[in-house]
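Participant: Dropping the structure in here first, questions after.
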Amino acid sequence: MQKLAFQAYSLITKSSENMRYIFDPIRKKFVILTPEEWVRQHVVRYLLDDKKAPKSWVNVEKQFTLAGLQKRFDVIVFSADGSVQVLVECKAPSVSITQDTFDQIARYNMSFNAQYMMVTNGLNHYYCSFDYENQQYLFCEDLPMLNKLI
């Protein structure tokens with residue numbers, strides 16, 4: 001798979017019946033290794049290893065309802081009180097991050113009210129927080145450590 005703009009993480013992959021799989025430590029199973037999943041698993045390692053998010057606070061690829069439609073988020077990090085600290089949207093490296101990508105995560109965030117959002121295609125990462133009082137996004141250089149947020 002393509003080298004991404006993350007540090008080198010130890011990711012477990014396997015081949016079976018002409019398919020490649022990668023182990024997801026959150027879902028605790030092997031999933032089909034697509035380019036987007038490659039990015040998603042790097043994001044999971046970044047959140048766990050670099051940002052120290054407790055594993056029990058992280059959810060991957062879960063369904064939710066938005067305006068009566070079934071949607072799926074890529075990664076969410078909760079806090080000890082159950083609020084959403086980080087909402088992440090992952091794209092394959094071949095997919096450019098566009099305004100549509102930011103619009104998508106903004107729509108999803110209407111359901112979650114995350115403190116921070118991350119959009120990445122593995123090559124480019126964008127981080128922002130949302131100022132709910134002034135109704136505006138504030139871009140930041142990186143996410144804070146996630147083991148201390150409440």
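The values are calculated or read from the model by the stated rules, or taken from the named source; none is laboratory data. All values derive from a computational prediction rather than experimental measurement. Neighbour counts are summed over all protein chains in view; Cβ atoms, including those assigned to glycine, are modelled from backbone coordinates with ideal geometry.
Participant: So, of the residues in segment 26-60 that are of a type outside the set (Lys, Arg) and in contact with a helix residue (DSSP H, G or I) (Cβ under 7 Å, 6 or more places away or on another chain), which turns out to be surrounded by the most Cβ atoms within 10 Å (Cβ to Cβ)? Give the steps one after another, and end with the answer.
Facilitator: Applying the first criterion (of a type outside the set (Lys, Arg)) to segment 26-60 yields 26, 30-39, 41-44, 46-50, 53-54, 56-60.
Applying the additional criterion that residues be in contact with a helix residue (DSSP H, G or I) (Cβ under 7 Å, 6 or more places away or on another chain) yields 26, 31, 48, 53, 58, 60.
On the way: Ile26: 18, Val31: 15, Leu48: 20, Ala53: 24, Val58: 20, Val60: 21.
Top of the filtered list is Ala53.
Participant: Right, next: Among the residues of segment 98-122, count how many are surrounded by 12 or more Cβ atoms within 10 Å (Cβ to Cβ), out of contact with any helix residue (DSSP H, G or I) (no Cβ under 6 Å at 6 or more places or on another chain) and over 13 Å from Glu36 (Cβ atoms). Please lay out each step first, then the result.
Facilitator: First pass over segment 98-122, keeping only residues surrounded by 12 or more Cβ atoms within 10 Å (Cβ to Cβ): 101-102, 104-109, 111-112, 114-122.
Then drop every residue that is not out of contact with any helix residue (DSSP H, G or I) (no Cβ under 6 Å at 6 or more places or on another chain), which leaves 101-102, 104-109, 111-112, 114-116, 118, 120-121.
Among the residues that remain, those that are also over 13 Å from Glu36 (Cβ atoms) are: 102, 104-109, 111-112, 114-116, 118.
Qualifying residue count for the region: 13.
Participant: Of the conditions (1) farther than 16 Å from Phe112 by Cβ; (2) touching a strand residue (DSSP E or B) at 6+ places or on another chain (Cβ under 8 Å), Pro54 clears all except one; give me its number.
Facilitator: Only one criterion is unmet by Pro54, namely (2).
Participant: Right, here's the next one. In segment 100-121, how many are aliphatic (A, V, I, L, M), in a strand (DSSP E or B) and out of contact with any His (no Cβ under 8 Å at 6 or more places or on another chain)?
Facilitator: Of the residues in segment 100-121, the ones aliphatic (A, V, I, L, M) are 105-106, 110, 114, 117-119.
From what is left, the residues that are in a strand (DSSP E or B) are 117-119.
Those still in the list that are out of contact with any His (no Cβ under 8 Å at 6 or more places or on another chain) too: 117.
So the answer is 1.
Participant: Quick one: Ser129 ticks every box in (1) within 13 Å of the chain's Cα centre (by Cα); (2) free of Cβ contacts under 8 Å to residues at least 24 places away in the same chain except a single one, so which number is it?
Facilitator: All conditions pass for Ser129, except number (1).
Participant: Further question: Go through (1) among the small types (Gly, Ala, Ser); (2) at negative phi; (3) exposed (fewer than 13 other Cβ atoms within 10 Å of the Cβ) one by one and return the number of the condition Gly82 breaks.
Facilitator: (2)
Participant: Which of the residues that make up segment 91-150 are basic (Lys, Arg) and modelled with pLDDT under 90? Spell out the reasoning first.
Facilitator: We begin by selecting, within segment 91-150, every residue basic (Lys, Arg); these are 91, 107, 148.
Scanning segment 91-150 gives Arg107, Lys148.
Participant: Still on this structure, please answer the following. So in segment 132-150, with the set limited to residues that are over 14 Å from Tyr46 (Cα atoms), part of a loop (DSSP other than H, G, I, E, B) and of a type in the set (S, T, N, Q), which one is farthest from the chain's Cα centre (by Cα)?
Facilitator: As a first pass, look at segment 132-150 and keep what is over 14 Å from Tyr46 (Cα atoms): 132-141, 148-150.
Still in the list and also part of a loop (DSSP other than H, G, I, E, B): 132-135, 141, 148-150.
Then drop every residue that is not of a type in the set (S, T, N, Q), which leaves 134-135.
Values: Asn134: 25, Gln135: 22 Å.
Ranking the qualifying residues of segment 132-150, first place goes to Asn134.
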